[in-house]
1. Can you tell me the length gained on complete extension of the stretch A83 to F59, counting 0.36 nm per residue apart and subtracting the Cα distance?
2. Normalise the Cα radius of gyration of the stretch 127-216 by 2.2 N^0.38 Å (N = residues in it) and let me know the number.
3. Subtract the Cα-Cα distance of D113 and K203 from 0.36 nm times their separation in residues, and report this length gain in nm to one decimal.
4. Report, in cubic angstrom per residue, the convex hull volume of the C-alpha atoms of the stretch 84-157.
5. Carbon and sulfur together cover what percent of the accessible area of the stretch 94-134 at a 1.4 Å probe radius?
6. Which lysines does K186 reach when only Cα atoms under 26 Å apart count, and residues fewer than 8 places away in its own chain are ignored?
7. Do any trypsin sites (Lys or Arg not before Pro) in the stretch 117-174 lie in a loop, going by DSSP, with at most 16 other beta-carbon atoms within 10 Å of their beta carbon, and if so which?
8. Leaving out ligands and nucleic acids, note down the accessible area per residue over the stretch 129-213 with a 1.4 angstrom probe, in whole Å².
Amino acid sequence: MLFRTIFIIIALAMSALAVSAAESDQQVVTMDENLWVTFYDVPSRRFRDIRASFIRREFTQAAHDLETSSAYLSVEADRALPAISKRLNDVADRLLWIAENTGDVSVTVTDLDALFSRAHWLLAQHYLDLAKRFRDSRQNRSAGLNLYATTHHLERAVLWSNSRITRDVHGTLENLRDLASQLQDKKRAEAAYSKKPIIRAEKLLRKLGETIDRPVLLPDE
């Protein structure tokens, strides 16, 4: 629990810095882009490790990674839309419960897969909402970073649901990633906006929601 507390403190500090830097296109991201990328990717790396640890019955390690993931989701919930926040906290609470009850035979890897898919689905919507806000205020770099995070979590929401990513969906995701990178380039941002990447990301999200039977909590564009 000490590790979880320390993680929350660090994560909250990062979030506070991001908020305070909002008016200058989140200079905290520019200051250390790799740290931000690593931060939003926490669930992806931890979820894979948790599943592997459960299969190997390495429950101490699994509990450690579950606590880390729970802490991350709690931090993101604090700055998410209310509907998304509530569900992120629900997932965070469930992860923490599993961490404290790793020996419970009722918890299976199938349960974990569904929970991880749900977490990624909620994070995809959360980062898309942030991307919209930054687009509207023309904080282009931040819009691009959050759009990239959106594609990351959309893809993993589908994979953890044990559904296949079609060729068309894969192509759309790759195109959105490319546009997300262009948004971070001052010289290419406006051209990227002309292709409406964030609107396209939301259309893809709603389409995938039907495919994997997940609710869309974002208001219509």
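1. Here the segment from A83 to F59 would lengthen by 5.4 nm.
2. 1.05
3. Between D113 and K203, full extension yields an extra 29.9 nm.
4. Expressed per residue, the convex hull around the Cα atoms of the stretch 84-157 is 77 Å³.
5. 54 percent
6. K132, K195, K196, K203
7. Of the trypsin sites (Lys or Arg not before Pro), the ones in loops of the stretch 117-174 whose Cβ has at most 16 other Cβ atoms within 10 Å are R138, R164.
8. 51 Å²
The values are calculated or read from the model by the stated rules, or taken from the named source; none is laboratory data. Note that the structure is predicted; figures quoted are calculated from it, not measured. Ideal geometry is used to build each Cβ from the backbone, glycine not excepted, and the neighbour counts take in all protein chains shown. Each accessible area value is taken on the protein alone, full model and side chains, heavy atoms only, with ligands, DNA and RNA left out. Shrake-Rupley method; radii C 1.70, N 1.55, O 1.52, S 1.80 Å.
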